[in-house]
Amino acid sequence: MPDAAEVPTPESSPPTPPRRRSTALLGRERVVVTRPDWAAATIPAHRKPLPIITRAALDQPGTAATHTRLSGKNREQNDGGWPPEIAALRERGAEIRRETLRDLEGHLAALTAKAEANGVVVHRAATPDDAVGIITGIARANDVRLVVKSKSMATEEMHLNAHLEENGIEVVETDLGEYIVQVADERPSHIVGPALHKSKAEVGALFEELAAERLPQEAEDLAAFARTRLRADFHHADMGISGVNFAAADTGTLTLVTNEGNADMVTSQPRIHVAVMPMEKVIPRLRDLAVLVPLLCYAATKQKVTVYQTMLNGPRRDGEPDGPEQLHLVILDNGRSSIVEGRYREVLACIRCGNCQIACPVYRTVGGHAYGSVYGGPIGAVLTPLLANTKQGRDLPFLSSLCGACFDACPVKIPLPDMLVDLRADYEAATRGRPRRWLWRLWAKAWDSPRGYRLTMTAARLAGPLLPRAVLRRLPGPGRGWAAGRALPATRDAGAFRAWFTDRRPR
Amino acid sequence: MTRIDLLARFCAALAASDGVAYICADRAEAHDSVVALCADGTVTLDEGHPDTAGLSDRLRLVDDPWDADVGVTGVDVAVAETGTLALSWGPGRRRSTPLVPPVHVAVVPLSRLVATYADAIDALAALDPPPTGAQFVTGPSRSGDIEMNLVKGVHGPGQVHVVLYPAGEIR
Ligand code: SF4
């Protein structure tokens with residue numbers, strides 16, 4: 001394994017010394033990208049209609065295997081419900097999160113004051129673009145060339161990596177799952193396990209392409225390969241970017257919850273650390289961690305606590321041997337200050353455990369990428385239509401069976417199924433006047449009377465055998481888009497139950 | 001709960017997280033154990049901690065944690081319920097020591113055992129002035145990111161050893 005490559009600076013910029021480039025990403029150009037466009041790291045501005053994506057997702061090799069793996073994890077996680085001691089934490093955690101949301105701005109103001117007193121530079125970003133501007137500004141001002149990053153879904157909302165790369169800054173994801181999806185040019189398919197959709201063989205093949213040599217294929221070997229490459233980058237990076245799990249308003253403490261230790265590396269080794277949080281990650285008191293950390297860990301992985309909780313108050317002080325010289329906190333809004341004022345406020349109670357995704361039969365079947373959004377699964381289907389920059393995901397609430405498993409799985413008791421229903425109604429109201437809506441109206445009218453109902457049954461029975469199966473695919477114009485991913489029901493026996501029932505009714 | 005109960009629970013919880021506990025008769029024996037665990041490896045030591053004082057002459061110290069085989073630390077408190085070690089940072093107690101070397105050895109007198117995770121948060125909150133930060137560690141680094149197979153020692157240490165000893169308060 002070579003250490004970080006010394007790259008000579010181009011002749012046009014003479015005096016700067018040679019800079020370190022990423023070791024972990026060496027050979028990245030050799031990787032042949034095979035993922036479909038809807039799984040890409042940067043989501044296309046106009047995504048395909050959901051029925052097309054989900055249909056294609058079902059046909060992907062690997063989707064069935066992922067379904068089996070996720071179902072196993074769901075049984076492990078959720079069979080038997082919440083044990084009594086965790087159920088008690090769940091009640092308290094749900095209340096703490098709602099207390100936070102009742103005065104979100106107040107808590108953010110307290111957090112900001114405390115953090116600034118601790119030496120943290122606090123930035124508020126109204127939009128993802130603002131956040132990108134702030135972060136690239138910090139990087140430029142400090143002559144940053146290599147960034148190591150630990151998991152942050154908020155930075156996915158702003159497609160931060162692509163923007164930094166456009167500015168000539170290398171970014172390396174260091175969470176093992178994030179590293180896998182970064183190399184494959186995909187985005188995370190799950191908020192806690194970004195590469196849950198990849199088999200060991202796929203990861204092995206990917207790493208062999210990267211290394212351009214044969215590699216041993218056990219999970220330990222593959223992890224060791226990533227570890228060696230990433231260690232060089234931890235050691236030499238100029239800047240670390242991390243997410244935040246909880247930010248305590250009373251002390252200004254930023255807490256990160258991980259198992260691998262990459263967040264500890266990212267926040268302690270480079271000379272600059274930028275922590276990025278969506279505004280709802282604030283909590284009232286440091287003491288609340290005693291409830292929220294074990295609750296998050298249980299909901300996410302069934303651990304009592306994860307291996308690491310990193311608690312950060314500020315940058316290194318005089319006399320301290322290590323730690324970053326600067327600590328920046330970027331607080332992202334992206335529509336959340338409107339959400340907190342409205343009837344979907346509780347969705348901001350989310351602590352990003354990912355358990356509603358695992359519990360969702362639709363998510364397990366189509367996979368996280370098929371939602372075509374940064375956040376998939378039930379939380380994604382609720383949050384995406386509400387965020388300011390992802391309104392194109394307004395149809396996501398329909399990607400649910402409304403079975404209610406997500407509510408049972410949620411450690412902070414967010415009424416996700418109710419919200420999915422309400423968001424569907426919002427969607428229908430917003431799309432009023434479309435031909436599809438008139439068809440629904442017509443149908444409702446027809447079935448208002450027994451006579452109308454009988455007529456449609458008869459018509460369906462007669463028409464069924466006459467319609468070839470392929471008719472949906474031959475529809476003209478907009479009808480074709482609607483028909484994609486749909487199938488004609490068998491109507492040969494339409495009305496048969498009614499006839500059967502009438503025959504037997506005592507006269 | 002007595003110290004012995006706390007000790008028993010701590011050892012069970014640590015073992016469940018794949019850490020290793022060693023119980024020694026006193027501080028001198030604990031320090032001998034640390035020296036033995038470091039064998040001939042290079043060591044980075046948190047010299048700013050009272051529980052590690054006196055160890056520096058007996059270990060092959062290196063200044064850069066990236067050159068060390070073992071990181072030796074004290075702790076603020078250790079949690080019986082979960083097997084967690086809480087380490088705050090400051091002069092002589094660096095972020096890299098329990099993180100960068102592939103092996104972490106912690107020295108813990110029984111007086112530092114607390115019952116619950118909430119007690120450890122309280123201990124952190126009570127520090128005055130507050131430190132620049134703290135790390136809570138429960139066993140060796142791990143990942144389940146490849147097909148949910150458990151892999152140890154991904155970025156943080158692959159081994160965590162905790163050397164415990166009574167500090168005259170056993171009852
Ligand atoms: S909505 Fe609930 S279950 Fe889903 S990720 Fe958020 S906290 Fe977890």
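The table below gives the values:
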| item | result |
| --- | --- |
| Search result, residues across the stretch A:338-395 that are of a type in the set (Gly, Ala, Ser), more than 27 Å from A:Asp130 (Cβ to Cβ) and more than 16 Å from the ligand (Cβ to nearest atom) | A:Gly367, A:Ala370 |
| Test: residue in the stretch A:146-165 that is out of contact with any Gly (no Cβ under 6 Å at 6 or more places or on another chain), free of Cβ contacts under 8 Å to residues at least 24 places away in the same chain and in the same structural domain as A:Arg231 (by TED's automatic domain parsing) | yes |
| Flag if A:Val144 is at pLDDT 95 or above, assigned to a loop (DSSP other than H, G, I, E, B) and under 25 Å from B:His155 (Cβ atoms) | yes |
| Qualifying residue in the stretch A:287-295 (condition: part of a loop (DSSP other than H, G, I, E, B) and either crowded, with 24+ Cβ neighbours inside 10 Å or among the basic types (Lys, Arg) (or both)) | no |
| The stretch A:297-337, subset of a type in the set (Lys, Arg) and farther than 23 Å from A:Ala249 by Cβ, residue farthest from the ligand (Cβ to nearest atom) | A:Arg316 |
| Candidates A:Arg364, A:Arg441, A:Arg394, A:Arg451, filtered to the one that is under 24 Å from A:Gly62 (Cβ atoms) and of a type in the set (D, E, K, R) | A:Arg364 |
| First in the stretch A:345-357 and within 17 Å of A:Leu289 (Cβ to Cβ), second anywhere and more than 7 Å from the ligand (Cβ to nearest atom), Cβ under 6 Å, 6 or more apart | A:Ala349/A:Arg97; A:Ile351/A:Leu296; A:Cys353/A:Leu296; A:Cys353/A:Ala300 |
| From the options B:Leu113, B:Leu164, B:Leu127, B:Leu150, residue that is within 11 Å of chain A (Cβ to nearest Cβ) and either over 26 Å from A:Thr253 (Cα atoms) or surrounded by 17 or more Cβ atoms within 10 Å (Cβ to Cβ) (or both) | B:Leu150 |
| Residue count, the stretch B:66-110 (criterion: of a type outside the set (A, V, I, L, M), facing chain A (nearest Cβ under 8 Å), under 13 Å from B:Gly156 (Cα atoms) and surrounded by 24 or more Cβ atoms within 10 Å (Cβ to Cβ)) | 1 |
| Some residue of the stretch A:97-118 being under 24 Å from B:Gly133 (Cβ atoms) and among the β-branched types (Val, Ile, Thr) | yes |
| 2 or more residues under 26 Å from A:Ser373 (Cα atoms): qualifying helices (runs of 4 or more DSSP H) within the stretch A:19-126 | A:50-59, A:63-78, A:84-102 |
| Criterion: closer than 30 Å to A:Val203 by Cβ and of a type outside the set (Lys, Arg) - qualifying residue of A:Asn78, A:Asn118 | A:Asn78 |
| Residue check, A:Pro284 surrounded by fewer than 24 Cβ atoms within 10 Å (Cβ to Cβ), more than 9 Å from chain B (Cβ to nearest Cβ) and either closer than 20 Å to B:Asp46 by Cα or without any contact (Cβ under 8 Å) to a residue 24 or more places away in the chain (or both) | no |
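A quick yes/no check of all residues on (1) within 14 Å of chain B (Cβ to nearest Cβ); (2) buried (at least 22 other Cβ atoms within 10 Å of the Cβ); (3) on the phi > 0 side of the Ramachandran plot:
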position	(1), (2), (3)
A:Arg343	no, no, no
A:Arg352	no, no, yes
A:Ile358	yes, yes, no
A:Thr365	no, no, no
A:Ser373	no, yes, no
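The values are calculated or read from the model by the stated rules, or taken from the named source; none is laboratory data. Predicted model, so just to flag it, every value in this text is computed and none were measured. Positions of Cβ are generated from backbone atoms using ideal geometry, with glycine treated the same way; all protein chains shown enter the neighbour counts.
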